[in-house]
1. Let me see the pair-distance distribution of the stretch 20-64: every alpha carbon pair, 10 Å bin width, integer percents in order.
2. Rank the residues 55, 14 as a footprinting-exposure proxy: fewest other Cβ atoms within 10 Å of their Cβ go first.
3. Viscosity 1.002 mPa s, temperature 20 °C: Stokes-Einstein D of the chain from its Kirkwood Cα radius, in µm² per second?
4. If R₀ is 35 angstrom, what is the calculated FRET efficiency for the pair residue 245 and residue 3, using the beta carbon separation as r and rounding to 0.05?
5. Provide the packing ranking of 140-151, 97-108, 160-171, i.e. peptides ordered by the mean count of other C-beta atoms within 10 Å per residue, highest first.
6. Could you give the length gained on full extension between residue 17 and residue 236, defined as 0.36 nm per residue of separation minus the Cα-Cα distance, in nm?
7. Could you work out Rg/(2.2 N^0.38 Å) for the stretch 195-279, with Rg from alpha carbons only?
8. Please compute the contact order of the stretch 1-119 in relative form: average sequence separation of alpha-carbon pairs under 8 Å and at least six residues apart, divided by the residue count, as a percent.
């Protein structure tokens with residue numbers, strides 16, 4: 001496994017399988033009330049350019065339960081908020097902590113941190129990808145179906161950062177992915193090309209009904225992400241007809257599940273009856289952010305423990 005996790009394709013298929021298995025084991029240890037302080041005495045720096053609920057709580061709680069400590073860092077409270085160069089901040093920060101997690105507006109910032117850091121850097125979200133979310137999503141899917149390979153997954157709506165990571169992960173996990181989006185809001189062409197070159201089976205279409213037909217998993221996300229508020233009216237108009245409703249879910253396989261990374265805007269990208277319905281695993285998915293994050297932290301920050 002690479003030193004850093006900037007993209008889901010920094011993992012191999014084996015890495016992904018091991019991470020999910022370890023996340024399931026850590027989940028069982030937590031539910032059994034058994035201590036698992038594999039990162040005792042270690043600190044994680046968490047840099048948040050963008051607001052967060054699940055990312056902050058899962059990483060901070062995860063480090064606490066693993067016996068370590070997490071530092072919440074707002075760029076406005078750091079010298080980078082006053083113009084210090086990223087390379088200088090990364091060099092200094094990596095001498096204090098065992099790892100750095102960054103939730104940023106621009107992927108290039110995370111890449112520069114990783115180039116200059118001596119410790120692992122984790123992409124907690126960027127405009128290009130959200131690999132941590134996808135690890136938790138795939139964990140949730142595997143818990144339900146017992147496998148990832150051969151499943152039919154449908155993404156409905158904006159081809160955003162979460163969608164990009166889901167596209168790329170198809171090359172690792174072996175599911176068939178169909179993305180239904182308006183043409184302007186399809187996932188990045190270079191991302192789709194990269195996934196296909198790595199063996200992923202990805203289909204881009206416009207019609208959400210066709211995408212969900214016989215699907216095992218239906219996934220969506222907000223139509224207006226942070227930083228896109230100025231495009232809200234345009235986006236709401238473009239995505240009209242892309243809401244995951246009860247009628248749309250009935251076109252999926254009867255045993256299909258519904259996922260959404262949250263926060264959800266009920267009545268826009270998803271109907272209340274779907275997110276609150278029996279096929280929804282949204283809150284299991286949200287919980288699994290904690291377990292998936294912990295597995296990733298142990299793998300990256302506790303490498304020497306596993307090698308002894």
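1. 22, 48, 27, 3
2. On the way: 55 21, 14 10.
Result, fewest neighbours first: 14, 55.
3. Working: Rh = 19.7 Å.
The Stokes-Einstein estimate is 109 µm²/s.
4. On the way: r = 44 Å, r/R0 = 1.25.
Calculated transfer efficiency: 0.20.
5. Values: 140-151: 16.7, 97-108: 21.1, 160-171: 25.8.
By packing density, highest mean first, the sequence is 160-171, 97-108, 140-151.
6. On the way: separation 219, 0.36 × 219 = 78.84 nm, distance 3.71 nm.
So the chain would gain 75.1 nm between residue 17 and residue 236.
7. On the way: Rg = 13.8 Å, N = 85, 2.2 N^0.38 = 11.9 Å.
So the stretch 195-279 has a normalised radius of gyration of 1.16.
8. Working: 140 pairs, mean separation 31.9, N = 119.
Dividing the mean separation by the residue count of the stretch 1-119 yields 27 percent.
Since every read-out is calculated from the coordinates, none of them should be taken as a lab result. The model shown is predicted, which means the values in this text are computed figures rather than measured ones. Heads up, the Cβs are rebuilt from the backbone with ideal geometry, glycines too, and the neighbour counts pull from every protein chain shown.
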